[in-house]
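Since the structure comes first, as structure tokens, the remarks are kept for the end.
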Amino acid sequence: MDDYSISSQGNSDAVKIVVLGQGGVGKTCLILRLRNDDFDENYVPTLQDTYHKNLVVDGLVTQLEILDTAGQEDYEVLRDMWIRNGQCFILMYSINNQESFEDVKSLVKRIEMVKCINQKTFQEMNIQIIIVGSKLDLDSERQVKRELAENFAKQHNLLFKETSAKTGQGCVEVFEDLIRKQKNQQKDINQKQSKSKTKPKKKRRFRCNLI
């Protein structure tokens, strides 16, 4: 089977990546650039597609299950379902569309509401997010300053990258950076859990109350 075929069947071992953002920001184009290093200028709105891809990061093969989602407001009610099922998130905006960046800000808050239950943080749950500014080839039409978007990502401890699916710039790195951080964070979590298990438990002293 082709490692990037569209599939409706999930893989429990794969890292689940959900790509979110307004319609027309280039979500599908980003995935297709990773999938087969290709670019299609024809915009066809997506409802929901799932792609599988084996990606080598730091010498290790990682299975990706990438969910390409609808950006139209008509499907906004589905977002919570997509978020609940996701482990890593790519939040996309167009650098030439300020409104699409504002939508990304709202998405960060939405993910916090849906995923961070019981006061757990993104780090504790190993939920990784990268903010992606697309259409870098249209820099002359830029509405969203790089510094502004980058600072927003830093404030929320999120990854950041600007890309161009048309030229291929930064597209593969988006997925590499996301997986690298997810794997490193999981190592930290495993080490902390291992240390907590090896700590000797204090003996409890029981006292009898005489009546």
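The values are calculated or read from the model by the stated rules, or taken from the named source; none is laboratory data. Everything quoted here is computed from the prediction, not taken from an experiment. Here the Cβ is made from the backbone with ideal geometry for all residues, glycine too, and neighbour counts use every protein chain on show.
Things worth noting here:
- For region 121-136, the criterion of being over 30 Å from GLN193 (Cα atoms), over 14 Å from the mean Cα position of the chain (by Cα), of a type outside the set (S, T, N, Q) and modelled with pLDDT of 90 or more is met by at least one residue.
- The residue that is nearest to the chain's Cα centre (by Cα), counting only those in region 87-110 that are under 22 Å from LYS183 (Cβ atoms) and in a strand (DSSP E or B), is PHE89.
- The set of residues from region 135-149 being among the hydrophobic types (A, V, I, L, M, F, W, C) and not in a loop (DSSP other than H, G, I, E, B) comprises LEU136, LEU138, LEU148, ALA149.
- Qualifying residue in region 21-35 (condition: over 16 Å from the mean Cα position of the chain (by Cα), basic (Lys, Arg) and either part of a loop (DSSP other than H, G, I, E, B) or modelled with pLDDT of 90 or more (or both)): yes
- Residue in region 40-63 that is under 27 Å from LYS145 (Cβ atoms) and out of contact with any His (no Cβ under 7 Å at 6 or more places or on another chain) present: yes
- GLN182 buried (at least 16 other Cβ atoms within 10 Å of the Cβ), among the polar types (S, T, N, Q) and assigned to a helix (DSSP H, G or I): yes
- Residues of region 45-86 satisfying the condition of being of a type in the set (Phe, Trp, Tyr) and either touching a helix residue (DSSP H, G or I) at 6+ places or on another chain (Cβ under 8 Å) or in a strand (DSSP E or B) (or both): TYR51
Residue by residue, here is whether (1) without any contact (Cβ under 8 Å) to a residue 40 or more places away in the chain; (2) under 28 Å from TYR51 (Cα atoms); (3) not aliphatic (A, V, I, L, M) holds:
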site	(1), (2), (3)
SER140	yes, no, yes
GLN143	no, no, yes
LYS183	no, yes, yes
SER194	yes, no, yes
